[in-house]
Amino acid sequence: MELLSGKGVTKEVETLLRDKVELECFMCMGEFDDGDYAPMMMCMNQHSCCAPCLQELLKNDSSKQVACPHCGSPVIRKAVTKNRLLLTIFDLVKEYKKRVTQL
Ligand SMILES: [Zn+2]
Ligand SMILES: [Zn+2]
């Protein structure tokens with residue numbers, strides 16, 4: 001039985017699920033996706049919130065330093081990018097869950 005493309009991937013996803021990798025925005029509890037709710041990595045501890053929450057966060061405090069609500073680390077505006085790794089993981093987990101429920 002081979003889920004996904006390789007055996008290693010499935011194991012990885014299982015580990016991630018067990019470790020409860022955060023696939024939802026810790027601010028609004030919405031699930032990330034690859035569109036409007038893309039996970040945005042906002043601090044050096046790789047905390048991610050969805051794009052709308054990030055926008056809200058930066059808008060509220062446009063002139064001052066904004067801190068990550070999760071850990072208090074400064075948000076480096078210029079460095080905020082889509083969390084590609086999380087998106088990849090998210091896809092894998094989504095696919096994995098889908099297959100598991102089909103079994
Ligand atoms: Zn959010
Ligand atoms: Zn943080």
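The values are calculated or read from the model by the stated rules, or taken from the named source; none is laboratory data. Nothing here was measured: the structure is a model prediction, and the numbers come from that model. Positions of Cβ are backbone-derived with ideal geometry, glycine not excepted, and every protein chain shown enters the neighbour counts.
Residues in segment 52-72: is at least one part of a strand (DSSP E or B) and under 26 Å from Thr10 (Cβ atoms)? Quick ask: steps written out before the conclusion?
Looking only at segment 52-72, we keep the residues that are part of a strand (DSSP E or B), and these are 67.
Filter again for under 26 Å from Thr10 (Cβ atoms), leaving none.
No, segment 52-72 contains no residue that is part of a strand (DSSP E or B) and under 26 Å from Thr10 (Cβ atoms).
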(request) Inspect segment 46-59 for any residue being within 15 Å of ligand 1 (Cβ to nearest atom), over 25 Å from Val100 (Cβ atoms) and touching a Lys or Arg at 6+ places or on another chain (Cβ under 9 Å) and give the result as yes or no. (result) yes
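Could you count how many residues in segment 60-80 are away from ligand 1 (no atom under 11 Å from the Cβ) and touching a residue at least 40 places away in the same chain (Cβ under 8 Å)? Spell out the reasoning first.
Of the residues in segment 60-80, the ones away from ligand 1 (no atom under 11 Å from the Cβ) are 60-68, 70-80.
Next, only the ones that are touching a residue at least 40 places away in the same chain (Cβ under 8 Å) stay: 70, 80.
The number of residues fulfilling the criteria is 2.
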(request) Hey, can you tell me all the residues within segment 46-100 that are over 17 Å from the mean Cα position of the chain (by Cα) and modelled with pLDDT under 80? (result) Asn60, Asp61, Ser62, Ser63, Lys64
(message) Could you tell me how many of the residues in segment 43-93 are of a type in the set (Val, Ile, Thr), in contact with a Cys (Cβ under 7 Å, 6 or more places away or on another chain) and under 16 Å from Phe32 (Cβ atoms)?
(response) 0
(request) Go through Leu17, Leu3 for me and flag whichever is at pLDDT below 80 and assigned to a loop (DSSP other than H, G, I, E, B). (result) Leu3
